[in-house]
1. Calculate the spin-label point distance for residue 125 paired with residue 246, positioning each point 7 Å from the Cα along the beta-carbon direction, and give it in nanometres.
2. Among 333, 311, 292, whose Cα projects farthest towards the positive end of the dipole of the chain, with charges put on the beta-carbon of Lys, Arg (+1) and Asp, Glu (-1)?
3. Over the range 413-477, what percent of the accessible surface lies on carbon and sulfur atoms, probe 1.4 Å?
4. Pop the C-beta distance of residue 176 and residue 136 into the FRET formula with R0 = 30 Å and round what comes out to the nearest 0.05.
5. When ligands, DNA and RNA are left out and all protein chains stay put, how many square angstrom of accessible area per residue does the range 1-119 have with a 1.4 Å probe?
6. Using label points projected 7 Å from each Cα along Cα→Cβ, tell me how many nm separate residue 329 and residue 388, to one decimal.
7. From the protein chains alone at 1.4 Å, what is the descending order of accessible area for 277, 461, largest first?
8. Probe of 1.4 angstrom, ligands and nucleic acids ignored: what's the accessible area per residue over the range 413-491, in square angstrom?
Amino acid sequence: MITQALMNVCDPTCLALICLGVVVGIIFGSIPGLSATMAVVLFLPLSFGLEPTNGISLLIGLYMGGISGGLISAILLKIPGTPSSIATVLDGGPMADKGEAGKALGAGILYSAIGSLFSIVALIFISPYLAALTLKFTPVEYFAIAVFSLSIIASLSGNSLIKGLLSGLLGISFALIGLAPIDGISRFTFGNFNLMSGFNIIVLLVGIFAVTDIMMAGLGRKHLDDAYGKKSYHLKGFGITLAEFKDQIVNMIRSSIIGIIIGILPGIGGNVAGLLSYTAAKNSSKYPEKFGTGIVDGVIASETSNNAVIGGSLIPLLTMGIPGNTVAAVLLGGLTIHGINPGPLIFQKSGVYVYGIFFALIVATLAMLVFERGALPIFVKLLDVPKHILLPIVMVCCVVGAYSSSSRMFDVWCILGFGALGVVMKMLKIPSTPLIIGFILGGMTEENLRRALQASEGSISVFFTRPISLAFLVAGFLCVAYVLKNKYKNHGENTLGEKE
């Protein structure tokens, strides 16, 4: 069975399809507004006419390339190509500004592959046990996870916790717009039917990260050449020395584990995994104040984790038929069409194809590593393009990406609105990252809270009597307490220094 699967994947046609998928996925992932989901959806009909192993391998290549490709624009343009690369912007962008674009890209690519390999190992060896654990998760546990994830706002609030909380609450407010979960009541639409479906996460990301920077560049156009002038870069290997690799082992393993766990839990995704890993790396670092200024630790944490989500999301998909994210949901459709029915008996009924998926993931990871590293000199050439030429092109791409997400002009106006909001927040020195976190987790928090309260007939004690839920709530409380303690300590030291 295993030998047959290996032979199927090593077939030249299958290898070519995997490479094609990886390259196309990287392109989709690197263009703001497009995504791995869109790439897989567009190629899904093409896979129907292929032999099952070939068709699924093509989709696997698209998935792998699409998730990893987001780091390219996140580092070079400070725009997350995919939602999974949100945390990569925080240190990847500043590294590019300091002339370390090559190192940031190289490290991101290397640790994307490492995170993927970690998750593939988990998928192969421990998927049945991990999948069984997720069966114990109810809306109560998912609400606790959402609350725990929201606690990272405290760590990413910068110097002002109040401003960070304000930004996070603003993000949650945006998430409440549209139809309410469960009962479908319209909220905060003000009679505009375009708001019935709420705001698209792609639109928000493009507006806050890309359009804001373009507007800020326009406001400072007299200093455009100085602020956005040509920057040097260096390319050597993957930008990581052996000593640095050893120093990052704990960060790498921790981020991989977080990514795998988040991938297993349905409906959360790589964006949360990247932010959680970034926060964990910052809180455990000997120099947390350097995070956000351009250090490789942040890039490694984000890219290792969001790629580890890939294998993690396939664990519940294959063993229980439950997709961990939107891409996995599309893959579920592809598996079903090829006559592969995920579930506890999948290894007995479709073992050859399952092992084919394992081998295809490994090949796709290696292909991603080779193609992205080989194209690094091309990627960094973006830094040589004069910014008065590059920024208008980026703006056009933002408009096209926003329109293509839902095929409506309303989203184009939304990216302009969010861009203007981002400018105001920058002027007031309000961090934008908590806004993104609040928006991503707001809907999940509300939906699971309502479902849990319905099941418990309105009793909140259910959140504290279930062990897993209680553990996440306590972890969230401790995380916030730890951040507050450090901020109070730093404030006291700064005050003492001023007196002296």
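The values are calculated or read from the model by the stated rules, or taken from the named source; none is laboratory data. These figures come from a predicted structure and were not determined experimentally. FYI the Cβ positions are ideal-geometry reconstructions off the backbone, even for glycines, and counts take in every protein chain you see. The area values use the complete protein model at the heavy-atom level, side chains included, leaving out ligands, DNA and RNA. Shrake-Rupley method; radii C 1.70, N 1.55, O 1.52, S 1.80 Å.
1. Each label point is offset 7 Å from its Cα along the Cβ direction, giving 2.4 nm.
2. Of the candidates, 292 comes out farthest on the positive side.
3. On the way: 2260 of 3270 Å².
Carbon and sulfur atoms account for 69 percent of the accessible area of the range 413-477.
4. On the way: r = 29 Å, r/R0 = 0.97.
Plugging the Cβ-Cβ distance into 1/(1 + (r/R0)^6) gives 0.55.
5. On the way: 3310 Å² over 119 residues.
It amounts to 28 Å² per residue over the range 1-119.
6. The modelled label-to-label distance comes out at 4.6 nm.
7. Details: 277 0, 461 60 Å².
Heavy-atom accessible area, descending, gives 461, 277.
8. Ligands and nucleic acids excluded, the result is 56 Å² per residue.
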